[in-house]
1. Pairs only if they're at least six apart or on different chains, beta carbon under 8 angstrom, first in segment 171-186 and more than 14 Å from L146 (Cβ to Cβ), second within 8 Å of the ligand (Cβ to nearest atom) and assigned to a strand (DSSP E or B); list them, first residue then second.
2. Could you check segment 174-190 and list, in sequence order, the residues that are surrounded by fewer than 20 Cβ atoms within 10 Å (Cβ to Cβ), within 14 Å of the ligand (Cβ to nearest atom) and assigned to a loop (DSSP other than H, G, I, E, B)?
3. Could you tell me whether any residue of segment 53-74 is over 20 Å from Q101 (Cβ atoms) and modelled with pLDDT of 95 or more?
4. For segment 120-156, give me the residue count where each residue is among the basic types (K, R) and surrounded by 18 or more Cβ atoms within 10 Å (Cβ to Cβ).
5. Name every residue in segment 103-155 that is assigned to a loop (DSSP other than H, G, I, E, B) and not polar (S, T, N, Q), in order of residue number.
6. Can you tell which of V165, V171, V159 is open to solvent by less than 50 Å² (accessible area, probe 1.4 Å) and either in the same structural domain as N122 (by TED's automatic domain parsing) or more than 20 Å from the chain's Cα centre (by Cα) (or both)?
Amino acid sequence: MNRNGAVGDNEDLIVEYVNQSGRAVMVGDSVKAEEWLTKARKLDPPGVELELARRAWANQSGTPADIKRRRESVVARLGGVAVAAPDRVDVWRQLAEFLRQLGNLEGVLRATASGLKRDPVNIDLWVRRTRAQIELKQLQSASRSLRHCTKLAPTHDGVEALIRVHPMCAVCDALFPHAGAETCEDCGADGPGRGAAVRSVRAKNSSKFDVYFPRVRDVISNSLNMPDRIKKQLTLDTLLKRHLKRSNQQCSTVLRAMTREFGAAFDEPLFKSAVVGFLDVLVADLIRAINPKTDSTIDTGIRQRALADHITRS
Ligand SMILES: [Zn+2]
């Protein structure tokens, strides 16, 4: 089972069975077509629904009104699938994407909320939610969501793009609708378009990552015996982008090595992400947990910066 509760290897088989079913339809053999679908459903019922939904969505036949009607029924059906199998984050994600394309932003908020209830650290769902909040002009909520995104995945492409385009109002924290906005839509304060100072969503979170990243990378690559060539590919980006799925055992090896390197800064409850096996989530938690006050190995200049960051954050 993967993180979404789906059986990954079945995906290809499902595609194949649904193809076979489609071929049977083409030659008018509806019994055979249904048999193939039944075979596919035995593997993973929500997975089959997802595949059928994607195909129906991509179907461009008929008038624009036909296409719209078809897509609305796809969303209605997939919504039922999601409610019946709420652990399937892949279904919530696809549903959010379809709803966005239909312009149903309130629907996107509901779908992402449901998915995040099951998988609270899913950055894809958080980014979709933030974008919908911005489009709905819920600029305070969007600001909170984006700050949460930067904590979960500071260097995620979608997060970085949102940060660039939507600075934060220095007066009320709301996001600006675009980088050249003249006024804050929430409190009316001058915006970047009038030369006003703005706050970066990132500023609060970045320096600790920048400061500690090289040492964290050394600890990880040493404890997992990574060849130098691989180690060089470990950037802050790759570390925090879900590229580092590792076994629980490897995660706990890294955890032990980090504890040796950084001392008593860590406690157990923090490392729930290690159980999930996503080393990058663990790394983000680890860096956040480092306490510059008790870390005597850090050099003075860097220590000052990290300490200032730590104090403003706590
Ligand atoms: Zn404001």
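The values are calculated or read from the model by the stated rules, or taken from the named source; none is laboratory data. Keep in mind the model is a prediction, meaning the values are calculated, not measured. We place every Cβ from the backbone using ideal geometry, glycine too, and count neighbours over all the protein chains shown. These accessible areas exclude ligands, DNA and RNA; they are computed on the full protein's heavy atoms, side chains included. Shrake-Rupley method; radii C 1.70, N 1.55, O 1.52, S 1.80 Å.
1. Pairs that qualify, where the first residue is more than 14 Å from L146 (Cβ to Cβ) and the partner is within 8 Å of the ligand (Cβ to nearest atom) and assigned to a strand (DSSP E or B), are C184/C169; D186/C169.
2. P177, E182, E185, D186, C187, G188, A189
3. There is no residue in segment 53-74 that is over 20 Å from Q101 (Cβ atoms) and modelled with pLDDT of 95 or more.
4. Of the residues in that region, 4 qualify.
5. G103, D119, P120, V121, L136, K137, A153, P154
6. Checking each option against the conditions leaves just V159.
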